[in-house]
1. Across all directions of projection, what mean area in square nanometres is found for the Cα convex hull of the range 28-135?
2. By the scheme Lys and Arg +1, Asp and Glu -1, what is the net charge of all other residues having a beta-carbon under 12 Å from that of residue 50?
3. Of 158, 177, 187, which is the most mobile in a GNM of the chain whose springs link Cα atoms less than 10 angstrom apart?
4. Given a Förster distance of 41 Å, report the FRET efficiency between residue 247 and residue 154 from their Cβ-Cβ distance, rounded to the nearest 0.05.
5. Can you work out D for the range 92-187 in µm² s⁻¹ from Stokes-Einstein, where Rh is the Kirkwood radius over C-alpha pairs, the temperature is 4 °C and the viscosity is 1.567 mPa s?
6. How large is Rg/Rh for the range 28-89, to two decimals, with Cα atoms and a Kirkwood Rh?
7. Find the Cα radius of gyration of the chain, compare it with 2.2 N^0.38 Å by division, and give the number to two decimals.
8. Stokes-Einstein at 10 °C, 1.306 mPa s, Kirkwood radius from Cα pairs: D for the range 203-247 in µm² s⁻¹?
Amino acid sequence: MYETLSTELTENIYTITINRPDKLNALNTTVIRELGEAVQEVYDNELIGAAIITGSGTKAFAAGADIRGFTGLSKEEGMALAKQGLGVFFKIENASKPIVAAVNGFALGGGCELAMACHFRICSETAQFGQPEISLGLIPGYGGTQRLTRYIGRGHALEAMLSGNLISAPMALQYGLVNHITSQEELLNKTKSVLRIIISKAPLAIARCIAAVNAVAGNMDGYALETKLFGECFATEDMKEGTAAFLEKRKAIFRGR
Ligand code: COA
């Protein structure tokens, strides 16, 4: 179905794998476009409760935007390239269902930015993160200057972006850039086990929680949005079911209504 991605839906978890292992899963314009389409499926398909983005092979999640595609671009074309990636990454960040990066190796440049656009990250021991664009005479263009700074702080982010030095998996854990480190073999199992717990919860509350948390990075008043979304939960069947199940000492059955 896709030229550069393989996808699989099992147990309501949609796994999207970037499939260019010979190019270390570099993000050319086809990958970016197809990621947008696959994420649209996450939005539209009611059978999908959560998604994973990962890379094929054992070496790379994605080693960056495809440097071959940069040759001969004008200033305007450079901006258009950035806008295409940024738009798809916003779509990931603003999805109402959790989209998690399972980082199986190099996550560099656009690959690091893709992982950061996901709701959270789990990585293998071999993973390495970084924004090495400076070595190409460039800066991050898919939101890296903003998200890396937010996630690991201005000092660590600037050191990484200005030196191009990579961030190892243990350092990423220490910085809070990833939630868990696993072996390469266990990476997808671990990610799915975290997502299975999440998708057993109330879908409308999950969506509102993501929206409220995302407000931290926006211009709106996050407290006001949280108050509004909290109130809206009271109008859902799931909230009535969740509270009734607690009081009746039974497991809640959420229907996303
Ligand atoms: N864009 C396009 N092609 C890339 C790529 C990228 N970002 N990253 C890797 N590749 C390609 C290489 O050109 C090579 O292709 P080839 O076999 O046709 O020559 C293939 O993937 C394997 O990469 P290679 O560099 O040989 O692997 P390595 O193990 O020696 O080094 C890296 C791995 C990740 C350190 C190195 O590939 C690298 O520095 N990549 C670029 C990272 C980067 O600057 N990303 C930000 C881009 S904005």
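1. On the way: hull surface 28.4 nm².
Over all viewing directions, the range 28-135 projects a mean Cα-hull area of 7.1 nm².
2. Numbers: positive: 97, 192, 196, 201; negative: 11.
Its environment carries a net charge of +3.
3. Looking only at 158, 177, 187, the largest GNM fluctuation is found for 158.
4. Details: r = 46 Å, r/R0 = 1.13.
The pair residue 247/residue 154 has a calculated efficiency of 0.30.
5. 99 µm²/s
6. Details: Rg = 14.0 Å, Rh = 13.4 Å.
Radius of gyration over Kirkwood radius for the range 28-89 works out to 1.04.
7. Working: Rg = 18.7 Å, N = 257, 2.2 N^0.38 = 18.1 Å.
Computed over Cα atoms of the chain, the ratio equals 1.03.
8. Numbers: Rh = 11.2 Å.
The Stokes-Einstein estimate is 142 µm²/s.
Each value in this text was obtained by applying a stated rule to the coordinates, not by laboratory testing. Everything quoted here is computed from the prediction, not taken from an experiment. No Cβ is skipped: glycine too gets one built from the backbone with ideal geometry, and neighbour counts run over all protein chains shown.
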